[in-house]
Amino acid sequence: MALIEIRHLAKSFGNVKAVDDISLDIESGEFITLLGPSGSGKTTVLRMIAGFEDCDAGSIKLNGEDITHLPPFDRDVNTVFQDYALFPHMSVQENVEYGLRTRKVPKAERAKQALEAIASVKLEETVNRLPHQLSGGQRQRIALARALVLRPRVLLLDEPLGALDRQLREEMQVELKKIQRDAGITFVFVTHDQEEAMRMSDRIVVFNSGRIEQVGTPEQVYEEPRTNFVAGFLGTANIFSVDVARKFLGATTTVSIRPERIRLQAPGTKIDKSETSITGTVQEAAFVGANTIYILETDFGVKLTVRKTNTELLGQDNSFVAGDQVMAVWRNSHIAQIPV
Amino acid sequence: MSTKSDFKDSRPISSFFLRKPKVRLISLLSLPMTWIVGVYIVSLFLLLITAFWNVDPFTSRVSPGFNLENFIMVFTVPAYIATSIRTLFIALSVTAICVLLAVPLGIYMAKIAKPWLRNILAVAITLPLWAGYLVKIIAMRLVFTEEGFFNWLMAPLGIRGPGFSIPIVILTLTYLWFPYMALPVYTAIRQIPPNLFDASSDMGAKGFTTVYRVVIPLIVPAIIAGSVFTFSLSLGDYLAARFTGGATQMIGSIIAANINLNPPVAAAYSMIPIAFVVIYLMVARRTGSLERM
């Protein structure tokens, strides 16, 4: 039995269907990410699991118990908010003790647990400070400690790293993942950052327009996208419509090929028989450091994006410039067939 | 011609003030300082001086001098002491009732009411400010007079109003000054980020606990700000007592009665509400709330 069972969940705001008939199982102990663009319904689903929003239809079960209409304070889940939602008039320790206090944990015991939780995010020196005296990253950690100290079955995280700068965000990604693994708590993580989702998650749920497009491991959603949306949202994809694919590639469905799986070589050079090639003209060659991004105008009449990793100094391997005739080559097994 | 001198020529007054910050400061503050020092401080100071003067019992003429008789009287005559305490009690009651009404109303308006209802309530709170002060007092008088609305309404239940007395004065003053409490409290509650309410209930707090542990501490500055108005305005009022208080006397009533007969006594007695307000502000300052007003 899954820890959380979501069945046919729906929620509208006015005329907008924010969540449209969603069903999902979340397993105990997994790190699952709800990924999608803003307005795709991922945050609304999270808020319904937390109990902040009531749903219009459907049900949510936690550990077999129906919690669909329970108020937030009766659910064994806790939330880390996007802007942290620390109480500005309470010190760090009082913030972390808040949930223990509402549970009537004795004073000495709750101080001990709170200090442990604060120590676990390495912020012992801040216990007496007010939230506005902390940096963004410190607030983030305290918000995490405040939720973890309650040892919930499920921790819900609503874009918790969104406000941090890039370096800090990457550190926190590693740390969050470690905390999750060590504590064995189920994490439901909401983000619009596909790289963040792939880096941290056991499974990714891709949302679009209030619906689930695909559920799978990072490898599955990246390598075997089931819809055009998933192919395009996770990384970059060259998508050939079913007509083009049938005509030039002999495929029966829409197909996609990742830019990094295509290599360029001079026209007429030799390729393996497990490979496919098409010819075209380089429209643009953009050097972006680790990679060079080529845009090709192919003889199919479709544009193709190719990413070449710059393993050699620029100009010392076979690089091309705008206007060059090239041959784009990929291995047939690298083509992903998109069923819908 | 350079760009810089173009700028100077086109805005001669602005550039003059920009180059002379002292002149700028003087021209900014001369008018308000004249008002505050010339009218406010000087008249208060004259009031204080008058309090040390005497009234000749035969001619009824005020004669300058220096004696503490008026102050001694204010602090020893039982009627004066009783009136001071009564007035303090009324002002504190008005403030307390305003807080008790404003906090739940503010929470309802800011967090529960639909936008249209919220707007109606906001108008309903502020609308009485447009009516004249005396009009409102007379309205309360009409409601609670012997044959008034209240007794008519309650007659079937066999309930009669208390008549013009201290409770009605408190009620009238609460009615008069409630907007000064309700508006800052409502604004403060609206400014609390919605996430804090979610976070509180997420960590197991029910509604009342959230109000007690999160909302109230965050709106203390607004309550103090509102109470400075409700408290000091009640303290200085005497028309409410006069028209709805029956025999009730407040500090203002006695000052008003003496202002022609014995100005030095009136002056000495008016130091009492000033002292109350100063003490109140000092207490408020200690809570650190005045900085945020």
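Here are some notes:
- Only one of the numbered conditions (1) within 12 Å of A:I212 (Cβ to Cβ); (2) assigned to a strand (DSSP E or B) is violated by A:A10, and that is (1).
For every residue, the table says whether it meets (1) closer than 30 Å to B:E146 by Cβ; (2) in contact (Cβ under 8 Å) with a residue 12 or more places away in the chain; (3) in the same structural domain as B:A79 (by TED's automatic domain parsing).
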position	(1), (2), (3)
B:S227	no, yes, yes
B:L235	yes, yes, yes
B:A257	yes, no, yes
B:S270	no, yes, yes
B:F276	no, yes, yes
B:R286	no, no, yes
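- Here B:T209 fulfils each of the conditions (1) open to solvent by 10 Å² or more (accessible area, probe 1.4 Å); (2) under 26 Å from the mean Cα position of the chain (by Cα) apart from (2).
- Residue within segment A:82-89 that is on the phi < 0 side of the Ramachandran plot, modelled with pLDDT of 95 or more and more than 12 Å from chain B (Cβ to nearest Cβ) present: no
- Restricting A:L157, A:L161 to those that are assigned to a loop (DSSP other than H, G, I, E, B), hydrophobic (A, V, I, L, M, F, W, C), within 12 Å of A:V80 (Cα to Cα) and under 30 Å from the mean Cα position of the chain (by Cα) reduces the list to A:L161.
- Unmet criterion (only one of (1) among the aliphatic types (A, V, I, L, M); (2) over 30 Å from A:T79 (Cα atoms); (3) within 14 Å of another protein chain (Cβ to nearest Cβ)) for B:I259: (3)
- Every pair of residues 6+ apart whose Cβ atoms lie under 9 Å, when the first sits in segment A:252-267 and is closer than 17 Å to A:N291 by Cβ while the second is hydrophobic (A, V, I, L, M, F, W, C) and assigned to a loop (DSSP other than H, G, I, E, B): A:I257/A:A237; A:I257/A:I335; A:R258/A:A237; A:P259/A:A237; A:R261/A:I335; A:L264/A:F320
- Here A:Q194, A:Q214 are screened, and the one residue that is open to solvent by 20 Å² or more (accessible area, probe 1.4 Å) and under 18 Å from A:S256 (Cβ atoms) is A:Q194.
- Conditions (1) more than 11 Å from every other protein chain (Cβ to nearest Cβ); (2) of a type outside the set (F, W, Y); (3) under 20 Å from B:N195 (Cα atoms); (4) over 27 Å from the mean Cα position of the chain (by Cα); number of the one not met by A:D74: (1)
- Criterion: within 28 Å of B:R86 (Cα to Cα) and without any contact (Cβ under 8 Å) to a residue 40 or more places away in the chain - qualifying residue of B:V143, B:V169: B:V143
- Of all residues making up segment B:59-79, the number that are within 19 Å of B:I251 (Cα to Cα) and open to solvent by 70 Å² or more (accessible area, probe 1.4 Å): 5
- Of the helices (runs of 4 or more DSSP H) lying entirely inside segment B:122-238, those containing at least 3 residues that are away from every other protein chain (no Cβ under 14 Å) span B:133-144, B:149-154, B:166-190, B:216-236.
- Filter result for B:A82 (small (G, A, S) and surrounded by 14 or more Cβ atoms within 10 Å (Cβ to Cβ)): no
- Picking from residues in segment A:298-307 that are aliphatic (A, V, I, L, M) and assigned to a strand (DSSP E or B), the one that is nearest to A:L249 (Cα to Cα) is A:L304.
- Per-region count, segment A:9-26, residues touching a residue at least 24 places away in the same chain (Cβ under 8 Å) and more than 14 Å from A:G41 (Cβ to Cβ): 1
- In segment A:251-297, counting only strands (runs of 3 or more DSSP E) that sit wholly within it, the ones holding 3 or more residues that are in contact with a Lys or Arg (Cβ under 9 Å, 6 or more places away or on another chain) span A:275-287.
- Residue in segment A:174-181 that is open to solvent by 60 Å² or more (accessible area, probe 1.4 Å), at pLDDT 90 or above and of a type in the set (D, E, K, R) present: yes
- Qualifying residue in segment B:277-290 (condition: open to solvent by 20 Å² or more (accessible area, probe 1.4 Å) and within 14 Å of chain A (Cβ to nearest Cβ)): yes
- Evaluating A:T252 against the criteria (1) closer than 26 Å to A:S319 by Cβ; (2) surrounded by fewer than 17 Cβ atoms within 10 Å (Cβ to Cβ) leaves one unmet condition, (1).
- Those residues of segment A:73-118 which are in contact with a Gly (Cβ under 9 Å, 6 or more places away or on another chain), closer than 24 Å to A:G162 by Cα and open to solvent by less than 20 Å² (accessible area, probe 1.4 Å), in sequence order: A:V77, A:N78, A:Y84
Yes/no per residue for (1) farther than 19 Å from B:A240 by Cβ; (2) more than 26 Å from the chain's Cα centre (by Cα); (3) exposed (fewer than 14 other Cβ atoms within 10 Å of the Cβ):
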position	(1), (2), (3)
B:L88	no, no, no
B:I107	yes, no, no
B:K114	yes, yes, yes
B:L121	yes, no, no
B:W130	no, no, yes
B:I137	no, no, no
B:V143	no, no, no
B:E146	no, yes, yes
B:L157	yes, yes, yes
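- Subset of segment A:96-127 [at the interface with chain B (Cβ under 9 Å from one of its Cβ atoms) and either part of a helix (DSSP H, G or I) or closer than 13 Å to A:A143 by Cβ (or both)]: A:Y98, A:G99, A:L100, A:R101, A:T102
- Cross-chain or 6+ apart pairs with Cβ under 9 Å, segment A:158-169 first and within 20 Å of A:V77 (Cβ to Cβ), then open to solvent by 80 Å² or more (accessible area, probe 1.4 Å): A:D158/A:Q82; A:E159/A:Q82; A:E159/A:H192; A:P160/A:Q82
The values are calculated or read from the model by the stated rules, or taken from the named source; none is laboratory data. Fair warning: this is a prediction, and the values are worked out from it, not measured in the lab. Please note: Cβ atoms are built from the backbone with ideal geometry, for glycine as well, and neighbour counts cover all protein chains shown. Only protein heavy atoms, including side chains, enter the accessible area calculation; ligands, DNA and RNA are left aside. Shrake-Rupley method; radii C 1.70, N 1.55, O 1.52, S 1.80 Å.
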